[in-house]
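J.: Sharing a structure below in structure tokens format, with a few things to ask.
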2 protein chains.
Amino acid sequence: MSGGGDELKLLGMWASPFVLRVKLALSFKGLSYEYVEEDLKNKSDLLLRSNPVQKKVPVLIHNGKPVCESQVIVQYLDEVYSAAGPTFLPVDPYERAMARFWAAFIDDKFLASWLKAGRGKTAEEKAEGVKETFAAVETLEGAFKEISKGKPFFGGDCVGYLDIALGALVAWMHTAEVRHGIRLFDASRSPLLEKWVEHFNKLDEFVAVMPNIDRLVEHAKVREAEVAAAAANN
Amino acid sequence: MSGGGDELKLLGMWASPFVLRVKLALSFKGLSYEYVEEDLKNKSDLLLRSNPVQKKVPVLIHNGKPVCESQVIVQYLDEVYSAAGPTFLPVDPYERAMARFWAAFIDDKFLASWLKAGRGKTAEEKAEGVKETFAAVETLEGAFKEISKGKPFFGGDCVGYLDIALGALVAWMHTAEVRHGIRLFDASRSPLLEKWVEHFNKLDEFVAVMPNIDRLVEHAKVREAEVAAAAANN
């Protein structure tokens, strides 16, 4: 459903949750696009030219003009394609501010703690990361209760900005469960978010772009071995 | 020029650049508000109740409803008071995306490197921070050139979102110059940003809210001594 003559190209890496965020936004908006898989160990000239500051995926190239950073891209798509699919950001300025605040929390607190739990340099640091992750989950549970007001999604009956921000991490949550038996959202700690994951998992637009969990599990193992080898060489 | 019956209250701390960001936005929009200075070593119940997640300033309370995080607050003010003063975010979605990308760069790269230069745990880490700060300045210089298109501000003839994001750091740049003789924006490395600071310094709306530099210098010395004492006790 891409607009008249619009050309959308996404530079991505299949396992990246940030790339998945953009794929989700494109999927919910029903937009057609060209997807280009990047080899992050041998980045393309197009990627380096399109995102010279960060040299990272995702990059969305719209009619030749690059947009970088997953949350910036999702807001951009929402503004350019306001008539397509659901509107991600609420209309009310206060609700928009809440969405932006909690989207930052998802990356800066929830995801950052989770990464610390997985990549901490010492056992102590990892344990701290686990504790902070579950504290962040409880905080998010409270936010979901307040924002969703009894509806299935942060966005109400349809997915919104926060559903996309958090939904991009669902595949990695499933991967953590397979690998370590840890459920980040469970019935005892966060019953509402557990239900939210159930609803999100069933969305066609999510199923269409979700990476294969077995492949993610393998990818995580290889990545972890690489990180351990690099640390041993230092 | 606060709207009919609107009540705006800002919880802040005079030396915080993030609080200054909100003061600048209020100043450029010409809005009246009540300012409440917080003692960060003894936070008020109002602050803890209004920002239970971060327990940080700034918090803007608009008709009893709290908004947190400086960049979220500035966007909120821009949306609620769209008719007052200059519009901070551009109208064009691509330019809006650029503004959001570079605002994140200012906090996540420029400011983070600068803090590393000042607070690094070792001399090596500090030196790395200095190098990264000046690299970030050169990158910002390029962004300013592209975005301002020969005009005095990121926002063109009027200040915009990025002028406020970066302008909030100007008082601390002056402080760094007084204390360490370091000019972050100078004629050789970043002639355009040097001119930008000159223009920004002269704006009545900035002068009205800029903290006193001598007081900031004293504050920085005390703060540094506290950090050093805490490190020595560990």
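The values are calculated or read from the model by the stated rules, or taken from the named source; none is laboratory data. For clarity, every value in this text was computed on a predicted model and none was experimentally measured. Cβ coordinates were reconstructed from backbone atoms using ideal geometry, including for glycine residues, and neighbour counts include every protein chain displayed.
J.: Quick one: how many residues across the stretch B:79-122 are among the aliphatic types (A, V, I, L, M), surrounded by fewer than 19 Cβ atoms within 10 Å (Cβ to Cβ), assigned to a helix (DSSP H, G or I) and at pLDDT below 95?
T.: Residues in the stretch B:79-122 being among the aliphatic types (A, V, I, L, M), surrounded by fewer than 19 Cβ atoms within 10 Å (Cβ to Cβ), assigned to a helix (DSSP H, G or I) and at pLDDT below 95: 1 in total.
J.: Next up: Of the residues B:Tyr81, B:Tyr76, which single one is without any contact (Cβ under 8 Å) to a residue 24 or more places away in the chain and in contact with a Leu (Cβ under 8 Å, 6 or more places away or on another chain)?
T.: B:Tyr76
J.: Kindly indicate the residue of the stretch A:59-105 that is among the basic types (Lys, Arg) and closer than 20 Å to A:Glu146 by Cα and also nearest to the chain's Cα centre (by Cα) among those meeting that condition.
T.: That would be A:Arg100.
J.: A:Ala25 - would you say it is more than 12 Å from chain B (Cβ to nearest Cβ), part of a helix (DSSP H, G or I) and of a type in the set (Gly, Ala, Ser)?
T.: Criteria met by A:Ala25.
J.: Follow-up question, since we're still on this one. Hey, can you tell me all the residues within the stretch A:79-109 that are among the β-branched types (Val, Ile, Thr) and within 9 Å of another protein chain (Cβ to nearest Cβ)?
T.: A:Val80
J.: Mind telling me which of the residues B:Glu38, B:Glu124 ends up being assigned by TED's automatic domain parsing to the domain that holds B:Val19 and either over 15 Å from the mean Cα position of the chain (by Cα) or of a type in the set (A, V, I, L, M) (or both)?
T.: B:Glu38
Rundown of residues vs (1) β-branched (Val, Ile, Thr); (2) in contact (Cβ under 8 Å) with a residue 12 or more places away in the chain, yes/no style:
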| position | (1), (2) |
| --- | --- |
| B:Tyr33 | no, yes |
| B:Leu46 | no, yes |
| B:Ile61 | yes, yes |
| B:Cys68 | no, yes |
| B:Val72 | yes, no |
| B:Pro86 | no, yes |
| B:Trp102 | no, yes |
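J.: Okay, moving on. Residue under question is B:Val197, and the condition is that it be of a type outside the set (D, E, K, R), in a helix (DSSP H, G or I), over 16 Å from the mean Cα position of the chain (by Cα) and over 26 Å from A:Ser50 (Cβ atoms); does it hold?
T.: No; evaluated as a whole, the condition is false for this residue.
J.: Let me ask another. Pick from the stretch B:146-173 the residues that are within 9 Å of the chain's Cα centre (by Cα) and assigned to a loop (DSSP other than H, G, I, E, B): which of them is surrounded by the most Cβ atoms within 10 Å (Cβ to Cβ)?
T.: The selected residue is B:Ala168.
J.: Considering B:Glu141, B:Glu125, which residue is loosely packed, with under 15 Cβ neighbours inside 10 Å and either among the charged types (D, E, K, R) or within 14 Å of another protein chain (Cβ to nearest Cβ) (or both)?
T.: The match here is B:Glu125.
J.: May I ask you to list the residues in the stretch B:49-63 that are in a loop (DSSP other than H, G, I, E, B) and more than 11 Å from every other protein chain (Cβ to nearest Cβ)?
T.: Matches in the stretch B:49-63: B:Lys55, B:Lys56, B:Val57, B:Pro58.
J.: If a residue has to be assigned to a loop (DSSP other than H, G, I, E, B) and more than 10 Å from chain A (Cβ to nearest Cβ) to count, how many in the stretch B:64-78 make the cut?
T.: Going through the stretch B:64-78 one residue at a time, the tally reaches 1.
Condition check ((1) among the basic types (Lys, Arg); (2) closer than 30 Å to B:Lys202 by Cβ) across all residues:
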| residue | (1), (2) |
| --- | --- |
| B:Tyr33 | no, yes |
| B:Lys43 | yes, no |
| B:Gln54 | no, no |
| B:Ile61 | no, no |
| B:Tyr76 | no, yes |
| B:Ser82 | no, yes |
| B:Thr87 | no, yes |
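J.: Of the conditions (1) in contact with a Lys or Arg (Cβ under 8 Å, 6 or more places away or on another chain); (2) under 20 Å from A:Pro93 (Cβ atoms), B:Glu125 clears all except one; give me its number.
T.: (2)
J.: Still on this model: Quick check on this structure: which one of B:Glu218, B:Glu226, B:Glu198, B:Glu177 is closer than 28 Å to B:Asp92 by Cα and without any contact (Cβ under 8 Å) to a residue 12 or more places away in the chain?
T.: None of the others qualify; the one that does is B:Glu198.
J.: Within 20 Å of the chain's Cα centre (by Cα) and not in a strand (DSSP E or B), is that true of B:Leu46?
T.: For B:Leu46, the condition - within 20 Å of the chain's Cα centre (by Cα) and not in a strand (DSSP E or B) - is not met.
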